[in-house]
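This is the structure, below, for whatever I ask next.
The values are calculated or read from the model by the stated rules, or taken from the named source; none is laboratory data. As the structure is a computational prediction, the values presented were derived from the model and not from experiment. With ideal geometry, Cβ positions are generated from the backbone for all residues, glycine too; neighbour counts draw on all protein chains shown. Ligands, DNA and RNA are stripped out before the accessible areas are found, and what is left, the full protein with its side chains, is counted by its heavy atoms. Shrake-Rupley method; radii C 1.70, N 1.55, O 1.52, S 1.80 Å.
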Amino acid sequence: MIVLKKKFPILVVICFISLYSFAQEEGMEQIIKDTQTLNEYRSKAFLLKSGTNVIALALTYKRIGDYYYKRGSGDSTVFYYKQALEKYEMLKDSFYISYCSLRIGEESRLGNNLAASLNWSLPAAAWFERNGKTSMAAHANLTISDIYRLMGDRTSQNHHLNKSVELNKLIKDTLIDIIILLNKTNDLINEKKWEEAYPLAQQMVNLSRAFKQNIFLQIGLLESGKLLLNMGKPNKAIPFLKESLGITAISNRSNTTQAYELLARCNIQLGNKTEAEEYISLHGLSIDSTTRERENDHYEELLIKYETEKKGNSIILLEKDNKLKASIAQNQRRLILGLTTGLILLSLGAFIFLRNSRKRQRLEQQLHFQQEDFTLKLQNEKEEKLTSNFNKQLAEVQLTALSAQMNPHFIFNCMNSIQKYILKNEKHKALIFLQNFSELMRNVLDNSTKEKVVLYDEIQMLEKYILLEQQRLDNKFDYKIESDAGLQTDFFEIPGMLIQPYVENAIWHGLMNLPDTQEGMHNRKGLLSLSFNRENQFIKCIVEDNGIGRKHAAEIEKEKSPYHKSYGMAISQKRLELLKIEKQIVPEIVIEDLKDKDGRAAGTRVTLFIVCN
């Protein structure tokens, strides 16, 4: 049997749909189309590296990456997209950060580095979905679906493929519809389900024809012809294959070669020797000389085999005719022999039937016992699965409840501050405080039902909270919040209200108890510092104060309120325990007691390592 070459590479198809989607989303700039233009961009990048125009350098790197991506040059694609990504992180351009991350993820998938591919692609898809970039989100989910297909995870594959379908309903992008049909057709072809794959291939042909997408029309016609040939209908396959040869599309020699090869096979099966030889010759002209010689030998051998089989069939017919004439004279003897043999076989069959009946009874009894044992095991597995699902759902409910529990605790503390201004008849301060408090509460209530919030929103909430506490304590302390220049705070998500209890603890127990003077020291004002930066897959958050330290604070708290219990820290600890039940990677927390040069308490530093999504 003839071995067909691989179909038009799916990478090129994804490339076209990718570049088309990007053009829709951002009004795409010029694409590099030839080697001369590529060299000009390389020279331009070399000159820009020594300058300060980061935007132009990032765009140049991205354009070169697009050029190599379109041509399937994996290493060069990843190199230039990573160069562009570094510059876009400096510019804090979240769209292009997501765009480059998705491209790197696709190239990692093609290099069989599937785990790395997911790490690049999933955050990019999440950002596109959050920010309404529907076309790019649909494309990203197509890529993630293909990654899970390569990993053998059919459930996740179908989940992301269906998500891409749902997203595409919003934008009605015909190209994405065609790609989805192509993916489904290829899955069925791999499973050798020709009858189920054929209607999908026809849908792809009809859509491509209606919207004049010639490259996909050519692929759809080839797939339809191949399916009909596999279904034993070569006469119906020929019109599709001939039409594919007449389509003007992007030059791709493998499509033409495959069409000629399929047409040759169809005509060989139909016995059309002249047409088969013609397509074999055309097929040879469409490949290089080395391959042509090998393929021509192959097809010549096939035709010789065909002629030999045809002559063999004629000889067989003659032999059958001679045997038929000879058999007439032997019919009497064969009849007697047949009757005798039939009686012997009938007796033997009766004996075998009785023996098999007893054996079947024993097997049925054994099967009954095995079925009962299997039913019992299946019931136990279902009970274990239900228990596991129940525990997981219980942990999720407890997480939500604990998050909600923090809100009234926080509200109570702020209301005390408002009450203090009212009692002192400081109405203006009370009104300003109440206005700031209402803005903060709006943020807290918006995030209270969310499992995770964007890092930027969490930082804004913390700053509003610290500002209120600063007002309440009559500016007894200063504060500063710093974020690393390369950290995209609007790109990553963390568990909400996770950091606030540590900030509150620093103010209430470290800074609020700071005396006006200390023995052997001049007066010092309280300082609260928050810093955020990226370390590998973690967001590193540091909460630091120059207060009285944990030991002294505990003594003061015990003296003032011996029965008081801090709920904020206890709730945070409980949330971390529940995250462990969920089998997630949970934040690592390091608490340090700071000392001055004389060994006395100089504050507390809390460091949290939070997994970023």
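Taking a threshold of 26 Å on the Cα-Cα distance, which of the pairs 82/133; 420/560; 480/560 fall above it?
480/560, as the Cα separations exceed 26 Å there.
Next up: Let me check I've understood the local charge: for residue 51, count other residues with C-beta under 13 angstrom from its C-beta, Lys and Arg +1, Asp and Glu -1. What total comes out?
It works out to a net charge of +3.
With every protein chain left in place, what is the accessible area of residue 274 in Å² (1.4 Å probe, nearest 10)?
Approximately 100 Å² of residue 274 is accessible to the 1.4 Å probe.
In addition: Solvent-accessible area per residue for the stretch 92-247 at a 1.4 Å probe radius, Å²?
41 Å²
Based on alpha-carbon positions alone, could you give the equivalent ellipsoid semi-axes of the stretch 99-181 from the gyration tensor, as √(5λ), descending, whole Å?
19, 15, 10
Sticking with this one: Take the cross-link list 429/476; 464/595; 551/595; 62/87; 163/226 and give me the ones stretching past 21 Å between alpha-carbons.
Those over the limit are 464/595; 163/226.
Then there's this: Roughly to the nearest percent, how much of the accessible area of the stretch 51-149 is carbon and sulfur, given a 1.4 Å probe?
C and S fraction of accessible area: 48 percent.
When only DSSP loop residues count, what GluC sites (Glu not before Pro) in the stretch 127-230 have their Cβ near at most 10 other Cβ atoms within 10 Å?
For GluC sites (Glu not before Pro) across the stretch 127-230 that sit outside H, G, I, E and B with at most 10 neighbouring Cβ atoms in 10 Å, the list reads 191.
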